[in-house]
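Just below is one structure, and these are the notes that go with it.
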Amino acid sequence: MARAETGAKPEGTPVGRRVFLGMVGVGAAGVLFGAKAQNWLEHALAPLTAKDGTGLSSFLPVGRFRIYSVTGDLPNKDIADYRLKVGGHVDQPLELSFADLQAMPATNLDKDFQCVTGWRVHNVKWTGVRLGDLLDRAGLKAGAQGVEFHSFDGAYTESLTMQQALRPDVIVAYSMEGKTVSREHGGPVRMYVAPMYGYKSCKWLDGITVTAAQPEPGYWEVRGYDVDGWVGKSNGRDDKPTS
Ligand SMILES: Nc1nc2c(c(=O)[nH]1)N[C@H]1C(S)=C(S)[C@@H](COP(=O)(O)O)O[C@H]1N2
Ligand SMILES: [Mo]
């Protein structure tokens with residue numbers, strides 16, 4: 001089964017949307033790809049389904065998300081073991097624990113989450129640290145151009161230009177809907193890039209590298225998706241931005 005974001009370039013009509021629509025009947029569990037993740041989900045679901053009749057909706061905190069993992073696995077990291085490295089073209093490389101992140105000024109965003117394949121979750125409550133605040137703390141060296149994100153799934157990468165990275169609606173998120181970001185949603189810490197499609201929001205985040213040159217395009221971008229993944233203005237979904 002293909003992933004929702006396929007390897008094909010989306011062109012005018014995003015291929016991903018058709019793939020996604022074709023999968024609706026499979027049910028939410030079917031959007032986890034790879035046998036390992038599937039087994040994990042079914043295993044995790046069984047006791048919940050047994051306890052109350054709501055099954056999936058009680059398991060997925062928001063109920064309306066699809067869970068994606070390009071590795072077909074759901075990496076696991078305890079909060080106690082979690083570290084976020086911020087390095088590259090900075091004055092003071094950082095290694096922050098979950099508590100260190102929580103001790104920084106918090107930013108709350110109540111905003112939608114939208115995948116380029118067409119599903120959207122309205123009014124999700126996110127809490128985290130502004131990426132700009134983290135970059136301030138590390139101290140950008142002159143000439144810093146962009147930011148690359150790394151995941152402890154060992155496969156996924158993303159990036160933003162420095163101008164995008166410093167937006168106030170781009171956060172390193174540790175809480176979603178009032179709870180620590182769950183394992184399946186990329187916890188304990190993930191990116192939330194509010195103005196862009198979901199693929200820009202790297203899950204299972206453990207590294208942020210400031211680059212002196214233009215940052216490398218991310219996992220889905222080398223597979224045909226737009227580097228500038230603005231919702232409604234990219235991947236052929238809409239007119240290109242006029243300003
Ligand atoms: N590490 C990692 N991050 C990822 C992905 C992934 O497969 N692996 N998928 C991306 C895509 S395409 C989307 S739409 C969102 C999905 O977030 P969710 O699984 O919490 O719904 O995560 C993004 N970040
Ligand atoms: Mo996505």
Provide Rg over Rh for the range 54-155; use the alpha carbon set for both Rg and the Kirkwood Rh (inverse mean inverse pair distance). 1.00
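For a 27 Å ceiling on Cα separation, which of these pairs sit above it: Lys125/Lys200; Lys179/Lys233; Lys85/Lys179; Lys85/Lys233; Lys85/Lys200; Lys141/Lys233? List each step's numbers first, then the result.
Details: Lys125/Lys200 18 Å; Lys179/Lys233 31 Å; Lys85/Lys179 23 Å; Lys85/Lys233 32 Å; Lys85/Lys200 19 Å; Lys141/Lys233 31 Å.
Check vs 27 Å cut-off fails for Lys179/Lys233; Lys85/Lys233; Lys141/Lys233.
A short reminder: the numbers here are calculations on the coordinates, not readings from a lab. This structure is a prediction, so every number in the text was calculated from the model and none was measured.
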